[in-house]
Amino acid sequence: MSKSAIVIGAGIVGLATARALVTRGYQVTVIERSSKAVGASIRNFGMVWPIGQPEGTLYNRALKAKSIWKEVLTEAKCWFYEGGSLHMAYQNDELEVIKQFAEVSDYRPVKVLNAAETLEMSPAVNGNGLLGSLYSADEMIVDPREAIAGVARYLQEKWNVTFHWDTAVSNVSYPNVSSGSRSWSADEIFVCSGQDFETLYPEEFSGTAITKCKLQMLRLESQPDNWKIGPALCGGLSLIHYDGFKAAASLDKLKERYKAEYAEYLKWGIHVMASQNGLGEITVGDSHEYALTFEPFDREFINIMILDYLATFAEFKSSKVFQTWHGIYPKMTNGNTEIVLRPSTGVTIINGLGGAGMTLSFGLCDEIIGGTY
Ligand SMILES: Cc1cc2nc3c(=O)[nH]c(=O)nc-3n(C[C@H](O)[C@H](O)[C@H](O)COP(=O)(O)OP(=O)(O)OC[C@H]3O[C@@H](n4cnc5c(N)ncnc54)[C@H](O)[C@@H]3O)c2cc1C
């Protein structure tokens, strides 16, 4: 008889865990508090982003995750776009970082482009003062609102995963999981509860080097005339946001200039990226505020700062904002890229992927379930 597993949470981490289990012969039940996933996994850019990951385990994990995304979304008949990414340089120190990064990254499909080549890649790039850009072919965009629902549907239809929606798990006591008076049992239990880590495991949460991060996001209306921006677009501030670029020797020097010139941006953790979905809409963000409890209100001035910086490197046919929101994810404070805990026999907590959950979950969960983590 096949082994059984219960997964708590239908965000990307729960879905990636369920996929890794069913492909290894488990009979899987996913239990989700809401009627559909509405957490961080549907509030993001949908950027599957190997360029943000440093060489070695994390970059390889990102590539593995990308290949799983492609396989799953193809079967689920969901949109995705392998358009790569462009990081623009308007100052010599940005160009220097990009060139150094490209030089030491011969294992990646990256290329330094001049201004004319950059504008050929994307009609949305601001050509004013442009020195060049870094093009990377690795990056892929999914539409998180469609894709997360699509992955759940695929798991249900192809792999007979049972989903219990509108069901908040109130207790885990191996081998049992209960929601009020209802209960289920399984050989293995996986807790993938995202930012609500503390409800089921308060001690494990408080004993861990973890905090939460709130990010503000905006969406611009579908571009007229089916206008496409091409690759996902990023400004210089993203070079100091992602660990991937630490490979560039002069990154610290660039960081010093930004500290002086963009102090307010760094204070609110703002770096700016834009990706276009299959409907032609453009997702723009973001900021990073760290705390255990956040004001529920968004800060209008952050959105304005994001749009102001966006205009320095990108111009769209329509810049009309039609949605704003924020998302929250747990983030490790000790530099770890995830947390995997075994609070009791048969129970595994997977959490803390921070800003890279869409990029890494399919790879990480496959390693955990496959025993190679
Ligand atoms: C604004 C923003 C932009 C981002 N951009 C990117 C990006 O472009 N690329 C990238 O790689 N990553 C990005 N990320 C990070 C990524 O979205 C997260 O790492 C990832 O979504 C975390 O997934 P999760 O499954 O842990 O959490 P969630 O998506 O929050 O899912 C957890 C689920 O568990 C459920 N749950 C919790 N407790 C219970 C319970 N007791 N019973 C039942 N269900 C429960 C919740 O209802 C929820 O649906 C971004 C995040 C944000 C917020």
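Brief remarks on what is shown
- Atom-type composition of the exposed protein surface of the stretch 240-365 places 52 percent of the accessible area on carbon and sulfur (1.4 angstrom probe).
- Legend: distances between Cα atoms for LYS64/LYS255; LYS214/LYS331; LYS77/LYS331; pairs beyond 21 Å are LYS64/LYS255; LYS77/LYS331.
- Percent of Cα pairs exceeding the 25 Å cut-off, where the set is the stretch 175-304: 51 percent
- The mean accessible area for residues of the stretch 242-303, using a 1.4 Å probe and ignoring ligands and nucleic acids, is 49 Å² per residue.
- Surface/4 estimate of mean projected area, convex hull on alpha-carbon atoms of the chain, nm²: 18.1 nm²
- Reachable aspartates and glutamates from LYS111, criterion Cα separation under 15 angstrom, eight or more residues apart if same chain: GLU94, GLU96, GLU103, GLU120, ASP138, GLU139
- With every protein chain in place and a 1.4 angstrom probe, the accessible-area ranking of HIS288, HIS164, HIS241, largest first, reads HIS241, HIS164, HIS288.
- Carbon/sulfur fraction of accessible area - the stretch 43-182, other protein chains in place, 1.4 Å, %: 45 percent
- Around VAL112: net Lys/Arg minus Asp/Glu count, Cβ-Cβ under 15 Å: -4
- Selection from SER185, TYR373, THR199, by position along the positive dipole direction of the chain (Cβ): SER185
- Whether the stretch 227-291 is rounded, prolate or oblate, judged on the alpha carbon gyration tensor where a/c under 1.5 counts as rounded: prolate
- The residue list GLN91, VAL104, THR74 was ranked by how far each Cα lies along the charge dipole of the stretch 61-114 toward its positive end, using unit charges on Cβ atoms, and THR74 comes out on top.
- D_trans [Stokes-Einstein, Kirkwood Rh over alpha-carbon pairs] for the stretch 123-187, 37 °C, 0.692 mPa s, µm² s⁻¹: 197 µm²/s
- The magnitude of the dipole of the stretch 199-326, with charges of +1 and -1 set on the Cβ of Lys/Arg and Asp/Glu and taken from the Cα centre, is near 300 debye.
- Mean residue ellipticity (222 nm) of the chain, computed from DSSP H runs ≥ 4 via -39,500 (n - 2.57), nearest 500: -10000 deg cm²/dmol
- Low-density loop positions, trypsin sites (Lys or Arg not before Pro), the stretch 66-113 - DSSP coil, at most 13 other Cβ in 10 Å: LYS77
The values are calculated or read from the model by the stated rules, or taken from the named source; none is laboratory data. Computed from a predicted model, the values in this text were never measured in an experiment. FYI the Cβ positions are ideal-geometry reconstructions off the backbone, even for glycines, and counts take in every protein chain you see. Surface accessibility is based on the protein's heavy atoms, side chains included, excluding ligands, DNA and RNA. Shrake-Rupley method; radii C 1.70, N 1.55, O 1.52, S 1.80 Å.
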